[in-house]
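Enquirer: Questions regarding the structure given below will be posed in turn.
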Amino acid sequence: MPTFEEILSYPTVFLDRNVLSPHFIPDVLPYREKEIERIMYTIAPALENQRPKNLFIYGKTGTGKTCTVKKVMNEFKVNSKHEQDVYVNCRMYNSRYRVMQKIGKKFIEELDKTGFGISHFYEKILEYVQTPYDDGKEKRIIVVLDEVDMVKDLDELMYMLTRINDELKSGSISIIGITNKLTFKDALDPRSKSSLCETEIVFKPYNSQQLKEILKQRAAKGFKEGTVHESAINLAAAIAAQETGDARYALQLLLKAGEVADSKKSFLITDEEVEQARKNVDNELAGEIIRTLPVHQQLVLLAVSSLYKNAGAYQKLGQDIIEEENILSGDVYEEYCRICRKMKKTPRSARWYREYLNELEMLGLITTIETSKGLRGHSRFIKLGYNSEQIQQIILNPKKYENEQKDQEEENKQNTQQKIFY
């Protein structure tokens, strides 16, 4: 068995892997200068002891929303004399209780203990915010809710946060909401909508040229000089541009391509390494997306995959159709209701079901085609975007799927090393 010292001495194409992470915040964010300025303009009043307007940021995955907000908030902290902001990842803190708990614990030490009810958090946060700082300045708290649409009882949370400002004698709480859903505010309770969505920014997807520049910037700091072909960067950018301009996807392609180059001991990233990396990244992203879907969206996807599996049909989106069975959306809804009853869950209405289909299509997990009016009226054909058996395994047995993915990656790595050896 090698020592850690030996492993760390192995040749590699990497200079700094962290630079290729989607969580890395670079000194310069290309093509987001206008968005940065608008966010800064919105929250700047807090530095002059005034309440900033609430801000909601929309955009598809990989358009730089979170990275941009974090960069602005880092700059805000440098210019603020007080701790005035809290970041909440709503994938992890996905209920009103957990969000309020996170906000409370950030500012109030005694709330680190467990066993408090939500009303206690509310009262303590209210008390904290309306008590001025020692220098007499009012507290202007900014709450960043990333992936805010993941909160299960969203209306209740939004109503509670807007209600706080009505009750405060001094100070304020402002919200920066980040979401992938352009239709997010349509689902909000009218009581909250007008006061919440005071300012809105939409992040447009990156195009191929923009992705190319982003990858060049990261590659220059993430890889050793001379290890990345320019054509590989161009290919990764082109592939990601087809995937709705997702910079995160482009960075994962480049990171995986570097790992492929290291495993082959070629220490050079070419188009071939990017193409090999694409297969792994596609599977990983699909698994990540499916695992984090709300329960009923998972069940709708499970219904589609179940009907597909029974029909023996599979079509990878973007590829030629080899064998196709048209599955009607009405049949999928019936299967979804059956699965709900089997799992002792209450099926959602047909209106919500149609909304779930739209969300799944936006994520690239399915594609739909409108049919002409027939016996059932207007309907849609549904096609699956990924292998039905994999989808069922991810939803019904996620741990087993993760282990099989790791085993497959290890097997591919061993096969590659054997080819090099012989």
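Enquirer: Among DSSP beta bridges lying fully in the chain, give the percent that are antiparallel, nearest 5. Before the final figure, lay out the partial values.
Expert: On the way: 10 of 32 bridges.
Among the beta bridges of the chain, antiparallel pairing accounts for roughly 30 percent.
Enquirer: If the viscosity is 0.692 mPa s and the temperature 37 °C, what translational diffusion coefficient in µm²/s does Stokes-Einstein give for the range 111-247 when Rh comes from Kirkwood over Cα pairs? The partial results should precede the final answer.
Expert: Working: Rh = 18.8 Å.
Once the numbers are plugged in, D ends up at 175 µm²/s.
Enquirer: Next up: Wrap a convex hull around the Cα atoms of the range 53-135, take a quarter of its surface area, and give that in square nanometres. Spell out each step's value before the answer.
Expert: Details: hull surface 27.8 nm².
For the range 53-135, averaging the hull's shadow over all directions gives 7.0 nm².
Enquirer: Mind ranking 264-272, 76-84 by how tightly packed they are, going by the mean number of other C-beta atoms within 10 angstrom, highest first? Please list the in-between numbers first.
Expert: Values: 264-272: 16.2, 76-84: 13.0.
Per-residue mean Cβ counts within 10 Å order the peptides as 264-272, 76-84.
Enquirer: In addition: Relative contact order for the chain using alpha-carbon pairs under 8 Å, separation at least 6, rounded to a whole percent?
Expert: Details: 601 pairs, mean separation 68.7, N = 422.
Reported relative contact order: 16 percent.
Enquirer: What helices does the chain hold that run 15 Å or longer along their axis, going by alpha-carbon atoms, with a Kyte-Doolittle average of 0.5 or more, using DSSP H for the helix calls?
Expert: On the way: long enough: 33-43 (16 Å, -0.50); 65-79 (22 Å, -0.51); 96-107 (17 Å, -1.04); 118-129 (16 Å, 0.19); 154-167 (20 Å, -0.31); 208-222 (20 Å, -1.05); 230-242 (19 Å, 0.95); 247-264 (26 Å, 0.07); 271-291 (30 Å, -1.12); 295-311 (24 Å, 0.64); 329-342 (20 Å, -0.96); 350-362 (18 Å, -1.17); 398-421 (35 Å, -2.70).
Qualifying helices: 230-242, 295-311.
Enquirer: Further question: Quick check: residue separation of ASN207 and LYS221 times 0.36 nm, minus the Cα distance between them. What number comes out in nm? All intermediate terms of the calculation are to be shown ahead of the outcome.
Expert: Working: separation 14, 0.36 × 14 = 5.04 nm, distance 2.20 nm.
Full extension from ASN207 to LYS221 adds 2.8 nm.
Enquirer: Let me ask something else about it. Projected onto the charge dipole of the chain (+1 at Lys/Arg Cβ, -1 at Asp/Glu Cβ, origin at the Cα centre), which of LEU384, ILE103, CYS67 gives the Cα projection farthest towards the positive end?
Expert: ILE103
Enquirer: Beyond 27 Å, what share of the Cα-Cα pairs of the range 32-202 is found? Please give it as a whole percent.
Expert: Values: 2894 of 14535 pairs.
It works out to 20 percent of all Cα pairs.
Enquirer: Given Cβ point charges of +1 (Lys, Arg) and -1 (Asp, Glu) and nothing else, what value in debye, to the nearest 20, does the dipole of the range 32-202 about its Cα centre take?
Expert: 400
Enquirer: If each residue of separation counts as 0.36 nm, what is the full-extension length gain between LYS279 and ASN74 once their alpha-carbon separation is subtracted? Spell out each step's value before the answer.
Expert: On the way: separation 205, 0.36 × 205 = 73.80 nm, distance 3.56 nm.
That works out to 70.2 nm of additional length.
Enquirer: Take the Cα gyration tensor of the range 65-106, multiply each eigenvalue by 5, square-root it, and list the three semi-axes largest first, rounded to whole angstrom.
Expert: Values: eigenvalues 94, 41, 4 Å².
With the √(5λ) rule applied to the range 65-106, the semi-axes are 22, 14, 4 Å.
Enquirer: Right, something else. Per residue of the chain, what 222 nm ellipticity follows from adding -39500 (n - 2.57) for every DSSP H run with n ≥ 4, rounded to the nearest 500? Let's see the in-between values first.
Expert: Details: 16 runs with 220 residues, N = 422.
Taking each H run of at least 4 residues, the total per residue is -16500 deg cm²/dmol.
Each reported figure results from applying straightforward, stated rules to the coordinates on display, with no laboratory input. All values reported here derive from a predicted model rather than from experimental measurement. Note that each Cβ is placed from the backbone with ideal geometry, even for glycine, and that neighbours are counted across all protein chains shown.
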